[in-house]
Amino acid sequence: MNHYLLSLILGIIEGLTEFIPVSSTAHLRIAEFLLHINLSDGYWKMYTIVIQLGAILCLPIYFRERIAKFLATFPRGEKGNRTIFTHPLSLVIIAFLVTAIPAFLLTKIIGKHLESLYIIGMSLLVGGIVMWFIDAMNSPSEKAGPGAPYTRIHTWHMEDMSLGQSIWIGACQILSAVFPGTSRSMSTIAAGQVAGMSRGSALEFSFFLSIPTMVAATCYDLLKSLRGKGVENSIGVSQIDAHGWLVLAIGFVVSFFVAYLSVAWFMHWVRKHGFVPFAIYRILLGAAVLYWASQLTM
């Protein structure tokens, strides 16, 4: 396949799947098999990191007004009832640290699991069931709205989150690092809902948490890839020709714009319709991947 067309397709896949709870890692791995490319090759390994950076970049731009407001009201918050430990920006950093340290220590396990279609398929399937159950459990409270009696939801806005909720979400995000296919957004959104957050607040915190999490992870991977430390088939900048840079640029730009549109659409959709359609998609895709993996080993 033409490399420019391939870059366009992979950029669209990354942009569409990075921030919705269906696992971009799983979809890129499936694309690797279907399109007959080797994402473990030095160049293509770096390419997947670059298109992830493109997707990440859309978040600080999309949420620029919220970020500016958070910075302006730090540490007391908009209502003056926050502290340096409970301000939304602090809670994002705390959740990130809770995830980052164990995930870093488990890099060898993560690397092994990345290659397993069985792990990806099972993570998609189980994650879909969990997400469906949790969203259905919270659905009556979502329909009742704030102030309703006997509601499971007590945090309707990200600004009202607690330190405990932040730590819990960060801990649950570790699952997505260890088991590709789980989906970082699925684990954080579901964890937030379990902790009494509304769909909107859990989703918004998931987006904010993904900024430091993904920047740290992708920059670390990119640095390893370029330096060649502990990475097979690593590649240096000097080895990339003009054609290679153009392929990278196409993937980066396409991933950015598709991710931006995906975030805007997803924010609107979830508040009205919930996560069940994505859960069903995960279950069907997970079952298909498990069947496919079983056929490959026959």
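Name the pairs: first residue in the range 277-288 and more than 13 Å from Gly181 (Cβ to Cβ) and in contact (Cβ under 8 Å) with a residue 12 or more places away in the chain, second residue open to solvent by 50 Å² or more (accessible area, probe 1.4 Å) and part of a helix (DSSP H, G or I), Cβ to Cβ under 6 Å, at least 6 apart or on different chains?
Here the result reads Ala279/Trp132, each pair linking the range 277-288 to a residue that is open to solvent by 50 Å² or more (accessible area, probe 1.4 Å) and part of a helix (DSSP H, G or I).
Restrict the check to the range 175-195 and report whether at least one residue is in contact with a Phe, Trp or Tyr (Cβ under 7 Å, 6 or more places away or on another chain), modelled with pLDDT of 95 or more and open to solvent by 50 Å² or more (accessible area, probe 1.4 Å).
No.
Cβ contacts < 6 Å: first residue within 16 Å of Gly192 (Cα to Cα), restricted to the range 133-150; second residue among the acidic types (Asp, Glu) and exposed (fewer than 14 other Cβ atoms within 10 Å of the Cβ), any location; separation 6+ or different chain. Result?
The qualifying pairs do not exist here.
Every residue in the range 155-184 that is more than 17 Å from Ile93 (Cα to Cα), of a type outside the set (A, V, I, L, M) and assigned to a helix (DSSP H, G or I), please.
Matches in the range 155-184: Ser176 only.
With the structure loaded, tell me whether Thr99 is among the hydroxyl-bearing types (Ser, Thr, Tyr), closer than 27 Å to Ala259 by Cα and not in a helix (DSSP H, G or I) or whether it fails that test.
On the way: among the hydroxyl-bearing types (Ser, Thr, Tyr): yes; closer than 27 Å to Ala259 by Cα: yes; not in a helix (DSSP H, G or I): no.
When the stated conditions are applied, Thr99 does not pass them.
For the range 23-56, give me each residue that is over 20 Å from Phe179 (Cβ atoms) and outside any helix (DSSP H, G or I).
Leu35, His36, Ile37, Asn38, Asp41
Pairs needed: first member in the range 249-276, touching a residue at least 24 places away in the same chain (Cβ under 8 Å); second member anywhere, of a type in the set (Lys, Arg) and surrounded by 16 or more Cβ atoms within 10 Å (Cβ to Cβ); C-beta distance under 9 Å; at least 6 residues apart or different chains.
Partner pairs satisfying both residue conditions: Val270/Arg199; Arg271/Arg199; Gly274/Arg199; Phe275/Arg199.
Tell me whether the range 97-119 contains one or more residues that are in contact with a Phe, Trp or Tyr (Cβ under 8 Å, 6 or more places away or on another chain), closer than 21 Å to Thr25 by Cβ, open to solvent by less than 30 Å² (accessible area, probe 1.4 Å) and among the small types (Gly, Ala, Ser).
no
If the Cβ limit is 9 Å and pairs must be 6+ apart or interchain, which residue in the range 181-192 that is more than 11 Å from Ile169 (Cβ to Cβ) pairs with which residue that is basic (Lys, Arg) and not in a loop (DSSP other than H, G, I, E, B)?
As it stands, the answer is Gly181/Arg29; Gly181/Arg282; Ser183/Arg282; Met186/Arg282, since those pairs meet every condition given.
For a quick check of your reading of the model, give me the residue pairs whose first member lies in the range 1-24 and is free of Cβ contacts under 8 Å to residues at least 24 places away in the same chain and open to solvent by 10 Å² or more (accessible area, probe 1.4 Å), whose second is of a type in the set (A, V, I, L, M) and part of a helix (DSSP H, G or I), with beta-carbon atoms closer than 7 Å and at least 6 apart or on different chains.
Short answer, once both residue conditions are applied: Ile13/Leu28; Ile13/Ala31.
The values are calculated or read from the model by the stated rules, or taken from the named source; none is laboratory data. The structure presented is a predicted model; accordingly, all values stated were derived computationally and were not measured. We place every Cβ from the backbone using ideal geometry, glycine too, and count neighbours over all the protein chains shown. Ligands, DNA and RNA are excluded from the accessible area calculation, which covers all protein heavy atoms including side chains. Shrake-Rupley method; radii C 1.70, N 1.55, O 1.52, S 1.80 Å.
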